[in-house]
1. Starting from region 14-27, keep only residues that are closer than 13 Å to Arg3 by Cβ and free of Cβ contacts under 8 Å to residues at least 24 places away in the same chain, then list their pairs with residues that are open to solvent by less than 80 Å² (accessible area, probe 1.4 Å) and part of a helix (DSSP H, G or I) whose Cβ atoms are within a distance under 8 Å, requiring at least 6 positions of separation or different chains.
2. Within region 25-36, which residues are open to solvent by 60 Å² or more (accessible area, probe 1.4 Å) and not small (Gly, Ala, Ser)?
3. Take Pro62 and tell me if it is at pLDDT 95 or above, within 20 Å of Asp19 (Cα to Cα) and crowded, with 17+ Cβ neighbours inside 10 Å.
4. For Ala55, all conditions in the list (1) in contact (Cβ under 8 Å) with a residue 12 or more places away in the chain; (2) open to solvent by 50 Å² or more (accessible area, probe 1.4 Å) hold save one; what is the number of the exception?
Amino acid sequence: MARIRIAWATGEVTAHLHDSPTARRILSALPCRSQANTWGEEVYFSVPVTADLEADAKQVVPPGTICFWVDGSALALPYGPTPVSQGSECRLVSPCNVVGKIEGDPRVLDTVRAGEAVRVEVIPD
């Protein structure tokens, strides 16, 4: 549907958003700025979006999946195990709407520090 850039002081990732109700709401709210939080090997940050949990919401996802955490109005970007993971899986705190996928190696997210400014923007075609 669209490509976005998520940038912080020491790096950035690009991602492809799927065509879903939540992804469309996120796109309409961009560009936006937020403050990063970390939880194990997950980065998450609030965005000015609200959405309902979609029928295909997931709690365990592949690394690099872009998720929308409905309860926290936040994008969640898991790239490895979290405190609730079983083994090496990427387990979110609760089911989240899957809205996209990071292009390339999601482990670059390991350079994001809690409290760091994050900017999310649409990449023009």
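The values are calculated or read from the model by the stated rules, or taken from the named source; none is laboratory data. The structure presented is a predicted model; accordingly, all values stated were derived computationally and were not measured. For neighbour counting, all protein chains shown are included, and Cβ atoms are generated from backbone atoms with ideal geometry for every residue, glycine included. These area figures cover heavy atoms from the full protein model, side chains too; ligands, DNA and RNA do not enter into them. Shrake-Rupley method; radii C 1.70, N 1.55, O 1.52, S 1.80 Å.
1. Short answer, once both residue conditions are applied: none.
2. Arg25, Pro31, Arg33, Gln35
3. Considered against the rule, which asks whether it is at pLDDT 95 or above, within 20 Å of Asp19 (Cα to Cα) and crowded, with 17+ Cβ neighbours inside 10 Å, Pro62 comes out as no.
4. (1)
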